[in-house]
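Right, one structure below, let's go through it.
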Amino acid sequence: GRGSSSVGARLSARGLARAMACSFCIGPTLQLAPPPPSAGTARAALRAAARPSGSGEPLAACPSEGESFFGTGGHRGSLALGLALPTLAVTTHAHRRQQRRREGCLLPRSGRRVAVSTAAAAAAAAEPFSVPGVEGAALEVLGGPATGSHGGGGVTLLLVHGSYRAAWCWEPYFLDFFRSRGFDTYALSLRGQGASIRQGTPPPPVAGTLEEHASDVAAFAAQLQQLHGRPVAVLGHSFGGLIVQQAVADMVGRSPSLVAGMALLASVPPSGNAGLIGRYLWRSPWLAARITWGFATRAFERDAGLCRELFFESEMADEDVKVYMQRMKDGCLAGTRLLDLRALAGSLPVPAAGSLAGGPAVLVFGGDKDVIVDAEALDETAQAHGVTPVRLPGAAHDAMLGPRWRDAAEVLLAWLQTLPRS
């Protein structure tokens, strides 16, 4: 009767909550064996087409290493949506990437391969960053000095990816866009993602703590300041935004002149993602179930429709979605987590650097079609740093990769141009 229905509803909600918590906490350990690629996918991967001369399409790296994108932390039954369970790339990944770059193989936005000069390919990859105090640890770096003027150059721009991503996610559009506008621009792959490896050691079960990842970002920012002689503006996306918030707070505490600005794109709030899960369960149990299924089994690496639903705009070309699915998949080994998620709970909330004395300028922005970091999370992050969030109409979670990437880039550019020049 009515009583049994009510009990059943409560049990179903509790069951879904537990499933979400488990899927986000366990992540790759629940991974299902992916099916072999379809003939169509194989043909698309093998298809090569020359880009028309003068098309001006931004380039993306050949699909090789993918990154884990979304795990979560929780303890004693608490829920925290999002966050990553990435893994340390092995030497063969770095070798494969280097080989493809030597061959001059890059991808335009259409997802088709195109041959470019060896010099142009090499220019996209900078020297790896050796992690201070960690023998053999080298983080992948893409980008480099500005290629144009256009009134930029007041700061050096550092881009930090979220989970299931690496430095490659800035290569299709943002790196070229900002370098051509006068900004020395670099993208860093966090420990265990992309071609960031530790030579001579097997992948550990946990790549690092929140503080260790933040320390890496701060140390690389300091190196960029020494290299270019001006302060750094740091952009963090999604889970990378949480790491950037910790890194910038640390930099403000030690060397306020090091960082001029912090931009947070679809960022995890300073408190983590606990509030997100509760809202999803209340507002849309079906979406909560889709997210749970997607991350618990990494189904977004095999299901283009699900991948588009979670990360991209509905009008993104199928070819582009499949390219990014492969990038997410290839470099993520099961069994290694980006963070010890139980320990992460003890690090939250991270300090809000924008509210600190001597803190940097802050930009908080994100898409109004984002189903991963919702409007309330965007508002929470902005309020913590004392700013008003900027919403990108029609943009999804991966605003830097979707068809509206230029909207996100223009918002960031306009903000960068307001920062004091060194």
Within the stretch 142-168, count every residue that is surrounded by 24 or more Cβ atoms within 10 Å (Cβ to Cβ) and either within 17 Å of Gly229 (Cα to Cα) or modelled with pLDDT under 95 (or both). 12
Within the stretch 248-258, identify whether any single residue is modelled with pLDDT of 95 or more, open to solvent by 10 Å² or more (accessible area, probe 1.4 Å) and not in a helix (DSSP H, G or I), and answer yes or no. no
Considering only residues that are in contact (Cβ under 8 Å) with a residue 40 or more places away in the chain and open to solvent by 30 Å² or more (accessible area, probe 1.4 Å), which ones fall in the stretch 294-313? Arg302, Glu309
For residues that are assigned to a helix (DSSP H, G or I), charged (D, E, K, R) and open to solvent by 10 Å² or more (accessible area, probe 1.4 Å), tally how many sit in the stretch 190-222. 2
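So, Lys322, is that one open to solvent by 10 Å² or more (accessible area, probe 1.4 Å) and either modelled with pLDDT of 90 or more or of a type in the set (Asp, Glu) (or both) or not? Break it down stepwise before answering.
Numbers: open to solvent by 10 Å² or more (accessible area, probe 1.4 Å): yes; either modelled with pLDDT of 90 or more or of a type in the set (Asp, Glu) (or both): yes.
Answer is yes for this residue.
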Within the stretch 270-324, considering only helices (runs of 4 or more DSSP H) that don't extend past its boundaries, which have at least 3 residues that are aliphatic (A, V, I, L, M) and closer than 28 Å to Ala345 by Cα? 274-283, 285-296
The stretch 259-269 - residue that is within 14 Å of the chain's Cα centre (by Cα) and in a strand (DSSP E or B) and, of those, nearest to Val155 (Cα to Cα): Ala263
Being in a strand (DSSP E or B) and either modelled with pLDDT of 95 or more or closer than 15 Å to Ala266 by Cα (or both) narrows it down to one of Val364, Val411, Val387, Val371, so name that one. Val364
Val134 is checked against (1) in contact with an Asp or Glu (Cβ under 9 Å, 6 or more places away or on another chain); (2) closer than 21 Å to Tyr324 by Cα and fails just one. What number does that condition carry? (2)
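The values are calculated or read from the model by the stated rules, or taken from the named source; none is laboratory data. Every value quoted in this text rests on a predicted model; they were computed, and no experiment measured them. FYI the Cβ positions are ideal-geometry reconstructions off the backbone, even for glycines, and counts take in every protein chain you see. These area figures cover heavy atoms from the full protein model, side chains too; ligands, DNA and RNA do not enter into them. Shrake-Rupley method; radii C 1.70, N 1.55, O 1.52, S 1.80 Å.
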